[in-house]
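The values are calculated or read from the model by the stated rules, or taken from the named source; none is laboratory data. Quantities reported herein were computed from a predicted structural model and do not represent experimental measurements. Glycine also receives a Cβ, built like all others from the backbone with ideal geometry; neighbour counts cover every protein chain displayed.
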Amino acid sequence: MRIFILIWFGQLISLIGSGLTRFALGVWVYRNTGSVTQYALISLFAILPSILLSPLVGVLVDRWNRRSCMILSDAGAGLSTLAIALLLFVGRLEVWHIYLVVGVSSTFSAFQWPAYTAATTMLVPKQHLGRASGMVQFAEATSRLLAPMLAGVLVVTIQIQGIILIDCVTFLFSLVTLLLVRFPQPKTTAENEVKKSWQLREFTYGWTYITARPALLGLLIFFAAINFLIGVVSVLVTPLVLAFAAANVLGTVLSIGGSGMLVGGLVMSVWGGPKNRILGVFGFTLSGGLSILLAGLMPSVPVFFAAAFIYYFGVSMIDGCDQAIWQSKVAPAVQGRVFAVRSMLALASLPLAYLIAGPLADQVFEPLLAPTGLLAGSIGKIIGVGRGYGIALLFVVVGMLTMLAIAFGYLYQPLRRLDDQLPDAIADEAFP
């Protein structure tokens, strides 16, 4: 576990730096453009390259040393962030520059998640995978908690250029931690050995592996649906909060969400998650859907605080349970390819969410609840009328659709009985 903890700590520091940059750039773009659509395009460019490259990345992660993949990812992402800093220093930064650099950074980052996840399986005993997943969620939560608060202070004192340079230093720190360790390599069998020739079946192996197991396919489809709904919400959180409060309140909302994720990560790290992990996924997804629904029905700062904490607490538990399921049910030697396909398909719905969230808010839902809007005299009497209330209505719709997706997932028997019916692919003992 010592090697895993050292790597985890390096990634934690890097996540905090990236969170600073993400917050600062998001506020900068929204304030300079006033457009939800242009703001949402940052999220699109941040994820689309990773999705498109996933089949190739999965093969490479299984071929290459997984530590080398993580080093490549951190180095490329750090250089991309440095490019934004240089453009800011010379006063030439424009929105399209951010799209381009974020896309390049996403290309390198595509290697990070499958390599990190597959390496964790080799470093951590199966019985502690839930706790390791909780630690990963704890790191993400720490970033979400600290980054908005720090960014709000630093953007005034050292400005956005200084924030981005701090991010570059955190990337360097994570690189050093990776250079100090060695990763064990998985044992291969005749069935899952990665061949040295570039054959089509290598790129389709992950898909074949998943489709041969209906429970994993059902889990993948479930998360594709949930991620689409989450994508819509994630784009619109900033415009919704800024419609009712100042930017410093937005930072507080995000920090409270981070504290919820932090507590969830701590609970997951100590507890390891419920014995039946798929029921944990369903239960905490339900609590997240209810929090989204609440934020839409009663849009106000206190409700945003409560909803953010509840939602992000559940995110830690959901991701921890989901991660442990995949790590225990998929053979370590093929996890690079399987996890890459899993990532590609589960996240494939996000670009669509990012593309439609802005137009839906700007052109459909906001006009519906304008003072003279079509629904001002009906739903407007329940939620409210004016700027931001249309986005609130969209949150209500997303919350209801989330609960519908949970119902369909629970009714699908292979998914509901995944933990009991699908055998584990790794042994109980610790790995060397």
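Restricting attention to region 238-253, report how many residues are assigned to a helix (DSSP H, G or I) and either small (Gly, Ala, Ser) or under 15 Å from the mean Cα position of the chain (by Cα) (or both). Break it down into steps so the answer makes sense when it comes.
Just the residues of region 238-253 that are assigned to a helix (DSSP H, G or I), to begin with: 238-244, 247-253.
Then drop every residue that is not either small (Gly, Ala, Ser) or under 15 Å from the mean Cα position of the chain (by Cα) (or both), which leaves 243, 247, 251.
Qualifying residue count, region 238-253: 3.
So for region 68-78 (the condition being at pLDDT below 80, surrounded by fewer than 19 Cβ atoms within 10 Å (Cβ to Cβ) and assigned to a helix (DSSP H, G or I)), does at least one residue qualify? Please lay out each step first, then the result.
Step one: list which residues in region 68-78 are at pLDDT below 80, which gives none.
So far as region 68-78 goes, no, none of its residues is at pLDDT below 80, surrounded by fewer than 19 Cβ atoms within 10 Å (Cβ to Cβ) and assigned to a helix (DSSP H, G or I).
Quick check on this structure: which one of Pro367, Pro359 is modelled with pLDDT of 90 or more and surrounded by fewer than 17 Cβ atoms within 10 Å (Cβ to Cβ)? Steps first, please.
Values: Pro359 fails: modelled with pLDDT of 90 or more.
Just one listed residue meets the conditions, Pro367.
Test each condition in (1) modelled with pLDDT of 75 or more; (2) buried (at least 21 other Cβ atoms within 10 Å of the Cβ) for Gln137 and report the one that comes out false.
That leaves (1) as the condition not met.
Just checking, which of Ile226, Ile256 is crowded, with 20+ Cβ neighbours inside 10 Å, part of a helix (DSSP H, G or I) and either among the polar types (S, T, N, Q) or at pLDDT below 90 (or both)? Talk me through it step by step, then tell me what you get.
Numbers: Ile226 fails: either among the polar types (S, T, N, Q) or at pLDDT below 90 (or both).
Every option except Ile256 fails the conditions.
State all residues of region 371-403 that are assigned to a loop (DSSP other than H, G, I, E, B) and buried (at least 17 other Cβ atoms within 10 Å of the Cβ); if no residue qualifies, say none.
So in region 371-403, the residues assigned to a loop (DSSP other than H, G, I, E, B) come out as 371-379, 384-388.
Residues satisfying the conditions are Gly373, Leu375, Ala376, Ile379, Gly384, Val385, Gly388.
Is it true that Ser269 is polar (S, T, N, Q) and at pLDDT below 90? Before the answer, list the steps.
Details: polar (S, T, N, Q): yes; at pLDDT below 90: yes.
Yes, satisfied.
Return the residues of region 332-356 that are farther than 30 Å from Arg66 by Cα and crowded, with 21+ Cβ neighbours inside 10 Å; say none if nothing qualifies. Lay out the reasoning, then the answer.
Step one: of region 332-356, the residues farther than 30 Å from Arg66 by Cα are 352-356.
Passing the criteria: Ala353, Tyr354.
Answer yes or no: is there a residue in region 84-96 that is crowded, with 22+ Cβ neighbours inside 10 Å and assigned to a helix (DSSP H, G or I).
Yes, because at least one residue in region 84-96 is crowded, with 22+ Cβ neighbours inside 10 Å and assigned to a helix (DSSP H, G or I).
Quick one: count up the residues across region 326-354 that are aliphatic (A, V, I, L, M) and under 17 Å from the mean Cα position of the chain (by Cα).
Let us first name the residues in region 326-354 that are aliphatic (A, V, I, L, M), namely 330-331, 333-334, 338, 340-341, 344-348, 350, 352-353.
Adding the requirement that they be under 17 Å from the mean Cα position of the chain (by Cα) leaves 340-341, 344-348, 350, 352-353.
Here the count works out to 10.
Residues of region 97-112 being surrounded by fewer than 22 Cβ atoms within 10 Å (Cβ to Cβ) and out of contact with any Ser or Thr (no Cβ under 6 Å at 6 or more places or on another chain), which ones?
Residues satisfying the conditions are His97, Ile98, Tyr99, Leu100, Gly103, Thr107.
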